[in-house]
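Please read the structure below before turning to the comments.
The values are calculated or read from the model by the stated rules, or taken from the named source; none is laboratory data. Since the structure is predicted, the reported quantities are computational estimates derived from the model, not experimental observations. Heads up, the Cβs are rebuilt from the backbone with ideal geometry, glycines too, and the neighbour counts pull from every protein chain shown. Just the protein is used for accessible areas: all its heavy atoms, side chains included, with ligands, DNA and RNA removed. Shrake-Rupley method; radii C 1.70, N 1.55, O 1.52, S 1.80 Å.
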Amino acid sequence: QVQLVESGGGLVHAGGSLRLSCVASASIPYFYAMDWYRQAPGKQREFVAMFDTGGNTNYADSVKGRFTISRDLTKNTMYLQMNSLKPEDTAVYYCNIASSSRSIWGQGTQVTVSS
């Protein structure tokens, strides 16, 4: 089974930037969707950004214009560039890959934005 490992989280002041990485232990089939989600304390996990199965990107309204998803399939890696961070972006960020029959999650990386 493919495993996902996120990294790049940390503590940053409001207005700062972070770049998250998600590395897969094996090649990711092209037909898998690749997503970033986040979960803040006391809240449900929510969608942040994704590549759909056609390679198109989508973003949650709350991060549009600030976050950019990218990937390098030759390195089995997906990224999330986060700019203009806000305290409300504080959460554990998870990467996910999914097909019609399976979904694989990473362990998450903590992002904390101080005001």
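Apart from one condition, residue 74 fits all of (1) in contact with a strand residue (DSSP E or B) (Cβ under 8 Å, 6 or more places away or on another chain); (2) part of a helix (DSSP H, G or I); (3) of a type outside the set (A, V, I, L, M, F, W, C); the exception is (1).
Before we move on, is residue 32 open to solvent by less than 40 Å² (accessible area, probe 1.4 Å) and among the hydroxyl-bearing types (Ser, Thr, Tyr)? If you could, list the steps in order and put the result at the bottom.
Details: open to solvent by less than 40 Å² (accessible area, probe 1.4 Å): yes; among the hydroxyl-bearing types (Ser, Thr, Tyr): yes.
Criteria met by residue 32.
The set of residues in region 86-103 that are more than 15 Å from residue 16 (Cα to Cα) and open to solvent by 10 Å² or more (accessible area, probe 1.4 Å) comprises 92, 94, 98, 99, 100, 101, 102, 103.
Condition first: in contact (Cβ under 8 Å) with a residue 60 or more places away in the chain and over 11 Å from the mean Cα position of the chain (by Cα). Now tell me which residues in region 89-110 satisfy that. Correct list: 98, 99, 104, 107, 110.
For region 10-38, how many residues are in contact (Cβ under 8 Å) with a residue 60 or more places away in the chain and under 16 Å from residue 96 (Cα atoms)? Don't jump to the end; show me each part of the working.
Step one: of region 10-38, the residues in contact (Cβ under 8 Å) with a residue 60 or more places away in the chain are 10-20, 22, 24, 28-29, 31-36, 38.
The next check asks that each one be under 16 Å from residue 96 (Cα atoms); those that pass are 20, 22, 24, 28-29, 31-36, 38.
Within region 10-38, residues that are in contact (Cβ under 8 Å) with a residue 60 or more places away in the chain and under 16 Å from residue 96 (Cα atoms) number 12.
Has region 7-19 got at least one residue that is more than 12 Å from residue 111 (Cα to Cα) and assigned to a strand (DSSP E or B)? First the steps, then the outcome.
Going through region 7-19, the residues more than 12 Å from residue 111 (Cα to Cα) turn out to be 15.
Narrowing further to those that are assigned to a strand (DSSP E or B): none.
Checked against the condition, which is being more than 12 Å from residue 111 (Cα to Cα) and assigned to a strand (DSSP E or B), region 7-19 yields no hits at all.
Among the residues of region 37-66, those identified as farther than 16 Å from residue 86 by Cβ and either touching a strand residue (DSSP E or B) at 6+ places or on another chain (Cβ under 7 Å) or acidic (Asp, Glu) (or both) are 37, 39, 45, 47, 50, 51, 52, 53, 57, 58.
Against the list (1) of a type in the set (A, V, I, L, M); (2) assigned to a loop (DSSP other than H, G, I, E, B); (3) modelled with pLDDT of 95 or more, the condition residue 28 fails is (3). Just to be sure, is residue 83 open to solvent by 30 Å² or more (accessible area, probe 1.4 Å), over 17 Å from residue 113 (Cβ atoms) and either free of Cβ contacts under 8 Å to residues at least 40 places away in the same chain or out of contact with any helix residue (DSSP H, G or I) (no Cβ under 6 Å at 6 or more places or on another chain) (or both)? Here the answer is no, as residue 83 does not meet what is asked.
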